[in-house]
Amino acid sequence: MKRTSIKNPLIASLLTLALGGSVLCTVQAATMSHDSVTVGGQAMLPSKDIVDNAVNSADHTTLVAAVKAAGLVDTLKGKGPFTVFAPVNSAFTALPVGTVDTLLKPENKATLTKVLTYHVVAGKLDMMTLAEKIKAGGGKAELTTVAGGKLWAMMNGPHNITIKDEKGDVADITTYDVYQSNGVIQVIDKVLMPKS
């Protein structure tokens, strides 16, 4: 993850040295709403919407193809705000052989839509907001997806958040707080699956 701001890493480094690593997360989360994050080799600009940024990420070509096949482009270009837990291409290739090809078939559009909207939560849930919800929930935050299913966010150490799906599989957030004009993307390393 590469930030375009020059000041923020310097300030964060100085605060880390002076006060210890615990403030780094707070400083970055508080300042990154004005920064772009590099994902898939391209800057994700906060002035663009979720779709307009995602199409530029080389790490999300499968997700973008799936969003187009499901007819969700207009929805994810909408006002929002949305939080999208966006699986990278390798998350899709880790699924059982044939799963993605099957989901992309026109006759499976309803199933594809359910899987994709299971990765979307209403609201703008950045790392700090997720961490606060986890703390308030006694170590776990229950999130309701646009598909109507449940996800659970949990801390995995002091600065890492994991997301558990209804099947019990866990994804790590690998890139946090990719701000968009209509929400935020949290990049994840696994495809989340609702109960059948």
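Nothing in this text is a laboratory measurement; each read-out follows from the coordinates by a stated rule. Bear in mind that the values here come from a model prediction, so they are computed numbers and not experimental data. Using ideal geometry, Cβ is built from the backbone for each residue, glycine included, and neighbour counts are taken over all protein chains shown.
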* Gain upon complete extension [V55, K164; 0.36 nm per residue less C-alpha separation] -> 36.6 nm
* Net dipole in debye of region 60-188 [+1 Lys, Arg Cβ; -1 Asp, Glu Cβ; about Cα centre; nearest 20] -> 240 debye
* Could you grab the relative contact order for region 60-188? Cα pairs under 8 Å, six or more apart, rounded to a whole percent. => 27 percent
* Set of aspartates and glutamates near K164 by C-alpha distance (under 16 Å), chain-local residues within fewer than 8 positions excluded -> E142, D172, D189
* Cross-link partners among aspartates and glutamates for K114, C-alpha distance below 15 Å, same-chain residues fewer than 8 apart left out? -> D165, E166
* Ascending count of other beta-carbon atoms within 10 Å, so fewest first, for E107, E132, E142 -> E107, E142, E132
* Radius of gyration, Dmax [region 53-196; alpha carbons; angstrom] -> 14.3, 44
* **Amide N of region 152-192 lying under 13 Å from the label point, which is placed 7 angstrom from the Cα of S47 along Cα→Cβ** => 181
